[in-house]
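**Student:** What follows is a structure written as structure tokens; I'll ask about it next.
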Amino acid sequence: MSSTGASGRAEGGQLEERVDLSAETASKISQARTLVASSPSNLRDALALLAALEKRCRVGNDTPSLVRVCEASLDLCKEAGDDEALLATLKNLSTRRSQKAKAIGALVTKCLPWVLDEGDGFTPIVIAEGNEAAAKARDALVEELREITDGKMYLEAERARLTRTMAILKEAAGDVAGAADVLQEVHVETYGSISKREKVEFILEQMRLTLAKKDYVRAAIVSNKIQRKTLEEEGMTAEKIKFYTLLTQYHRHDKNALELAKDYHAIYSTNSVQEKENELKEALTN
């Protein structure tokens, strides 16, 4: 079979043939941009142009071109300021039959800066007060990205961070119980692509919200996900202090004086606390 204009299995059925559509992709993307630049009302026509090319790239196994087409489609929607089209395009492209993992990953990566603060990777971008339409569009995009990343191991880190974002949004809206529930959906302790520190920080947030929800049984269960020896590692001082501070809430509710004393002793024994007189006094007098 020819290596251009065809797709499927190569002779022998071992490797997928790849059609090189890079030149056509560059041309069609440029054409689509020109359409939208001339008038935002041409967005639908531009997207239709790229949708036809997306299918050819996907079926022809030209993944680099496929990624470019997917990213360009989202960019056009964003530049046109059409949040509804952006959401629909994202959903359609990510759910195409036999869609490539690299294309789905690229779609998610492209959208993340539009909803998340790049500083920590999970704080939602700030929307000007009173701009309810923009806030609604941001929240809808976060939820759609969570749906896309659900069940995909290669996007588990993004799924965890987006879930933390959703919890922040729910808590800010006064739905503490909802924030705690959504965060419990992620079993971050089983994720291999997330650093040890990020796992601990995530679990600490689960603890904080379950305590805020007054679900003390769940809080105790969540606390056991953190190995105490991990908190003794270098660079984990802040996490250790936060962990034992949260435990004091649980043990105070449980009226367990012995465990409460152990919590404060753990805080006291932390070098950074001993170096700060005020924190030392607070740890000793509580």
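The values are calculated or read from the model by the stated rules, or taken from the named source; none is laboratory data. Model, not experiment: these values are computed from the prediction. In this analysis, Cβ positions are derived from the backbone assuming ideal geometry, glycine residues included, and neighbour counts consider all displayed protein chains. All accessible areas refer to the heavy atoms of the entire protein, side chains included, with ligands and DNA or RNA removed. Shrake-Rupley method; radii C 1.70, N 1.55, O 1.52, S 1.80 Å.
**Student:** How do LYS196, LYS100 stack up against each other in accessible area, from largest to smallest, with a 1.4 angstrom probe?
**Tutor:** Of LYS196, LYS100, the descending order of accessible area is LYS196, LYS100.
**Student:** In angstroms, what radius of gyration and Dmax does region 130-213 have, counting Cα atoms only?
**Tutor:** Cα-based Rg and Dmax for region 130-213 come out at 13.0, 40 Å.
**Student:** Okay, next question. Which values of log₁₀ I(q)/I(0), to two decimal places, follow from the Debye formula for region 49-92 at q = 0.20, 0.24, 0.25, 0.33 Å⁻¹ with a uniform point scatterer at every Cα?
**Tutor:** Those come out to -0.59, -0.78, -0.82, -1.12, one per q.
**Student:** Two decimals is fine: what's Rg over Rh for region 183-286, C-alpha atoms, Kirkwood radius as Rh?
**Tutor:** Reported Rg/Rh (Cα atoms, Kirkwood Rh): 0.97.
**Student:** Let me ask you something else. Treating only the Cβ of Lys, Arg, Asp and Glu as charged (+1, +1, -1, -1), what charge dipole size does region 152-275 show about its Cα centre? Round to the nearest 20 debye.
**Tutor:** Once rounded to the nearest 20, the dipole reads 180 debye.
**Student:** From the cross-link list LYS229/LYS255; LYS91/LYS152; LYS102/LYS136; LYS240/LYS276; LYS170/LYS240, which pairs have alpha carbons spaced over 18 Å apart?
**Tutor:** LYS229/LYS255; LYS102/LYS136; LYS170/LYS240, as the Cα separations exceed 18 Å there.
**Student:** Also: Taking the full set of protein chains and a 1.4 angstrom probe, give the accessible area of THR95 in square angstrom, rounded to the nearest 10.
**Tutor:** About 100 Å², ignoring ligands and nucleic acids.
**Student:** While we're looking at this one, here's another question. Can you list residues from other chains, or at least 5 along the same chain, whose modelled amide H is less than 5 Å from the amide H of LEU116?
**Tutor:** ILE125
**Student:** Follow-up. Can you give the local net charge around ASP83? Use residues other than it whose beta-carbon is closer than 10 angstrom to its beta-carbon, Lys and Arg +1, Asp and Glu -1.
**Tutor:** Summing Lys and Arg as +1 and Asp and Glu as -1 gives +1.
**Student:** What distance in nm lies between label points placed 7 Å from Cα along the C-beta direction at LYS262 and SER38?
**Tutor:** 7.4 nm
**Student:** Only residues of region 223-263 count here: report those whose backbone N is under 17 Å from the spot 7 Å along Cα→Cβ of GLU275, or say none.
**Tutor:** 232-242
**Student:** Per residue, how much accessible area does region 156-277 show when a 1.4 Å probe rolls over the protein heavy atoms, in square angstrom?
**Tutor:** Accessible area per residue: 51 Å².
**Student:** A further question follows. Largest first and to the nearest Å, give the Cα extent of the chain along each principal axis.
**Tutor:** 77, 54, 33
**Student:** If you line up the long axis of helix 156-172 against the longest principal axis of the chain, both from Cα atoms, how many degrees apart are they, to the nearest 10?
**Tutor:** For 156-172 against the chain, the angle is about 60 degrees.
**Student:** Quick check: convex hull of the Cα atoms in region 42-191, volume per residue, rounded to a whole Å³?
**Tutor:** It is 111 Å³ per residue.
**Student:** When ligands, DNA and RNA are left out and all protein chains stay put, how many square angstrom of accessible area per residue does region 14-87 have with a 1.4 Å probe?
**Tutor:** Accessible surface, normalised per residue, equals 49 Å².
**Student:** Separate question: Give me a comma-separated list of calculated 3J(HN,Hα) values for region 26-31, in order, Karplus coefficients 6.51, -1.76, 1.60 applied at θ = phi - 60°, integers in Hz, x for any Gly or Pro.
**Tutor:** Taking θ as phi minus 60°, the curve returns 4, 5, 5, 5, 4, 5 Hz for region 26-31.
**Student:** Would you work out what percent of the accessible area of the chain, with all protein chains in place, is carbon or sulfur (probe 1.4 Å)?
**Tutor:** For the chain, the apolar C and S fraction of the accessible surface comes to 50 percent.
**Student:** Same structure, new question: At a probe size of 1.4 Å, how large is the accessible area of HIS187, to the nearest 10 Å²?
**Tutor:** Answer for HIS187: close to 100 Å² accessible.
**Student:** Rounded to the nearest 500 deg cm²/dmol, what is the calculated helix-only ellipticity per residue at 222 nm for the chain, with -39500 (n - 2.57) per DSSP H run of length n ≥ 4?
**Tutor:** -21500 deg cm²/dmol
**Student:** If you rank ARG252, ARG159 by how much accessible surface each has, with a 1.4 Å probe, what is the order from largest down?
**Tutor:** ARG252, ARG159
**Student:** Using a 1.4 Å probe on the protein heavy atoms only, what accessible surface does LEU155 show? Give it in Å² to the nearest 10.
**Tutor:** It works out to around 10 Å².
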